[in-house]
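Contents: one structure, followed by commentary.
A short reminder: the numbers here are calculations on the coordinates, not readings from a lab. Just so it is clear, the structure is predicted and the values come from calculations on it, not from any experiment. Virtual Cβ from ideal backbone geometry, glycine too; neighbours counted across all protein chains shown.
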Amino acid sequence: MSTAAQESFIASVKEASSLLTEMEFTHHSTIRKGYSTYIDYKRKGTMITFMFGPSDWHVEIQIIIGARKYAFKDLLQIPSIHHWVSSNRYEQRNKRIIKDEIIWFTKLIQFALPKIENAPDKI
C-alpha cells in the first residue's frame, strides 16, 4: 500500500465525521507514524480511534470508555452487537473503497455505543 491509501483513509474519515458529530464527537487528533495512521474523536468520557496501516491494511476501530477498551473483536463478544454485525455484514464491492469501510464502522459505532456506555464494567 502507499501513502495514497493513507490519504484516502484520512479523507474518508473526514467525510464520515458528520455521523460522528451527530453523536457529539469532535476530532481530537490525526497521527501518522510511518504508514500507520490513527484518527481520534472524543466526547465526554469516550474516545473512538480509527486505525489504518500495515501489516494487513484493514480499517480498524477502538472504542475507549473510561478505563474500558473495545476492539472490534471485543464488541463481537456482546450478543446484540454480534447479531447486528451478522445482520449488517460489510460487503466489499468489486473494488475496495475505504470510505465504505469507514461508514460501515461508523454505523456500527452508532449502534454499539449505547450498549457499551451503559453496560456494567464486566463486558
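Some notes on this structure:
Matching residues to (1) in contact with a Ser or Thr (Cβ under 7 Å, 6 or more places away or on another chain); (2) of a type in the set (D, E, K, R); (3) surrounded by 10 or more Cβ atoms within 10 Å (Cβ to Cβ):
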position: G34; (1), (2), (3): no, no, no
position: I39; (1), (2), (3): yes, no, yes
position: F50; (1), (2), (3): no, no, yes
position: G53; (1), (2), (3): yes, no, yes
position: A71; (1), (2), (3): no, no, yes
position: P79; (1), (2), (3): no, no, no
position: S86; (1), (2), (3): no, no, no
position: E91; (1), (2), (3): no, yes, no
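- The residue of region 55-64 that is surrounded by the fewest Cβ atoms within 10 Å (Cβ to Cβ), among those that are under 17 Å from K99 (Cα atoms) and of a type in the set (A, V, I, L, M, F, W, C), is W57.
- Within region 54-84, the set of residues being closer than 22 Å to S18 by Cα and of a type in the set (V, I, T) comprises V59, I61, I63, I64, I65.
- Yes/no for K42 being farther than 20 Å from W104 by Cβ and within 13 Å of the chain's Cα centre (by Cα): yes
- All positions within region 15-32 that are surrounded by fewer than 17 Cβ atoms within 10 Å (Cβ to Cβ), touching a helix residue (DSSP H, G or I) at 6+ places or on another chain (Cβ under 7 Å) and not charged (D, E, K, R): L19, M23, H27, T30
- Residue in region 102-110 that is over 18 Å from S12 (Cβ atoms), crowded, with 16+ Cβ neighbours inside 10 Å and not β-branched (V, I, T) present: no
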